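K.L.:
One structure coming up, written as structure tokens, with questions to follow.
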2 protein chains.
Amino acid sequence: MGRPMQFETDTAVDKAMELFWRQGYAGTTPQELASELGIGKGSLYNTFESKHALFMRALRRYSERRLEHLTDLFLAPGPIGPRLKEAMIVLAGVGEHQRGCVMVNAAAELGPADVDVNRIADDLFTQIEAVFRQAIAQGQKSGEFAVDRVADTAASQLLACVIGLSVLVKAGGPSERFRGVIDGIVDGL
Amino acid sequence: MGRPMQFETDTAVDKAMELFWRQGYAGTTPQELASELGIGKGSLYNTFESKHALFMRALRRYSERRLEHLTDLFLAPGPIGPRLKEAMIVLAGVGEHQRGCVMVNAAAELGPADVDVNRIADDLFTQIEAVFRQAIAQGQKSGEFAVDRVADTAASQLLACVIGLSVLVKAGGPSERFRGVIDGIVDGL
DNA sequence: GCAGTTTTTGACCTTGAAGTACAATAACAT
DNA sequence: ATGTTATTGTACTTCAAGGTCAAAAACTGC
């Protein structure tokens, strides 16, 4: 059957994601990736078609992770407000050492110039927005939130806010303030 | 006294800003810059120390522009709400062909890895936030906005929202939705 | 243990980005 | 017209990013 692979592909993708997260796409070299994954550059290109392909794979993995986490939160019992706040804190990367959100970084760095990446980012944003919308609707039904707001627009607001916070987090600043913003916006629902 | 310069430095910085805006920092080559400015690479490096220096200069110029515009809006007469909305639309680049905001792009692309750029970005964000805070306070004093919100936190919210919108604008999407978000958040003040 | 197969490795190659040097050129003062 | 000084852009250097490849290594079946 030939020589078995000396490393797990999934683990490698995770590590790559971590590096891209910290350094961005252009700021990360194949050599650095190989070192980080503990493999040779040849293996890297043998396993992943290109740096770009690996990047997209890392982004997709990130999306899955985030959506999984969101779904879990959404299924949990109890008032929805605190869970919304928690979700926003995690998504924006508040308290997570100035990394922000990989997807936001990717969207801002590559933007429309890279249609593939752009599409992945857009998908994630859209799905997060949908989860927010459901959460808001649920909170309105249970009486936790006021019903005088359009869930749709409010969800977009939350999304924009989370994305903005992730940029501010990356630029650096007190977590206190960021939590305050999240509290304020969710308490206002 | 020797030969005078054949191009205006300020105009050149403006054009460079335009290019960086569209293509990002890493995505823009010195050759492209020279072509865009209509000069040779030699002149480029003779006038600006390096690509990085030119980039920072373009970012500073962008900051000045934006703050100037904000100040103008703030000094204008009439209700503050519409002006706030207008400011947010301009800052986020709504309806401006998927470019978003250069500073947000720069902060997300280079992040904490580039302390100089990071500082410029942080400065602009802080100043925009301050203007928002003043505007909100003014609106509260005039009775246009409710007084039950802390102007400080609300300003941070607006800032986060604007930044997030600029990312969403860059990723592409209907301007309609973005205007709706802005209307919603300002009308809720 | 040998054939056949797949993976690993690091040296190697190609390309283009970033920056430098300089000869030619242009504008000024006198 | 002439000397002087600054500007210009081509050509060149350097360096590393991104990717390839041949040879060695690790496995399976016979």
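K.L.:
Quick check on my link table: of B:LYS15/B:LYS141; B:LYS85/B:LYS141; A:LYS15/B:LYS15, which ones sit more than 30 Å apart, alpha carbon to alpha carbon?
P.N.:
Working: B:LYS15/B:LYS141 41 Å; B:LYS85/B:LYS141 18 Å; A:LYS15/B:LYS15 39 Å.
Beyond 30 Å between Cα atoms: B:LYS15/B:LYS141; A:LYS15/B:LYS15.
K.L.:
Additional query: Of the accessible area of chain A, with the probe set at 1.4 angstrom, what percent is carbon plus sulfur? Intermediate results must be reported in sequence, preceding the final value.
P.N.:
Values: 4380 of 8590 Å².
Whole-percent figure for carbon plus sulfur exposure: 51.
K.L.:
Roughly how tilted is helix B:151-171, in degrees to the nearest 10 and between 0 and 90, from the longest Cα axis of chain B?
P.N.:
In chain B, helix B:151-171 runs at an angle near 50 degrees to the longest axis.
K.L.:
Can you give me the angle between helix A:9-23 and the longest principal axis of chain A, using Cα atoms only, in degrees from 0 to 90, rounded to the nearest 10?
P.N.:
Roughly 70 degrees between the two axes.
K.L.:
Leaving ligands, DNA and RNA out of it, work out the accessible area of B:GLU96 with a 1.4 Å probe and give it in Å² to the nearest 10.
P.N.:
70 Å²
K.L.:
So, one more: Got a sec? Which residues of the range A:109-154 lose 10 Å² or more of accessible surface with every protein chain in place, vs. that chain alone, 1.4 Å probe?
P.N.:
When all protein chains are present, A:GLU109, A:PRO112, A:ASN118, A:ASP122, A:PHE125, A:GLU129, A:ASP152, A:THR153 each give up 10 Å² or more of accessible surface.
K.L.:
While we're on this one: Kirkwood-based Rg over Rh for the protein assembly as shown (C-alpha set), two decimals?
P.N.:
On the way: Rg = 22.0 Å, Rh = 21.9 Å.
Dividing the radius of gyration by the Kirkwood radius yields 1.01.
K.L.:
A further question follows. So what's the Cα pair-distance distribution over the range A:60-187, bin width 5 Å, in %?
P.N.:
Going from the shortest bin to the longest, the percentages are 2, 11, 21, 23, 21, 13, 7, 2, 0.
K.L.:
Using only the alpha-carbon atoms, how far is helix A:175-187 inclined from the longest principal axis of chain A? Give it as 0 to 90 degrees, nearest 10.
P.N.:
Orientation of helix A:175-187: about 50 degrees from the principal axis.
The values are calculated or read from the model by the stated rules, or taken from the named source; none is laboratory data. Since the model is a prediction, treat every value here as computed from it, not as a measurement. What goes into the accessible areas is simple: the full protein's heavy atoms, side chains included, and nothing from ligands, DNA or RNA. Shrake-Rupley method; radii C 1.70, N 1.55, O 1.52, S 1.80 Å.
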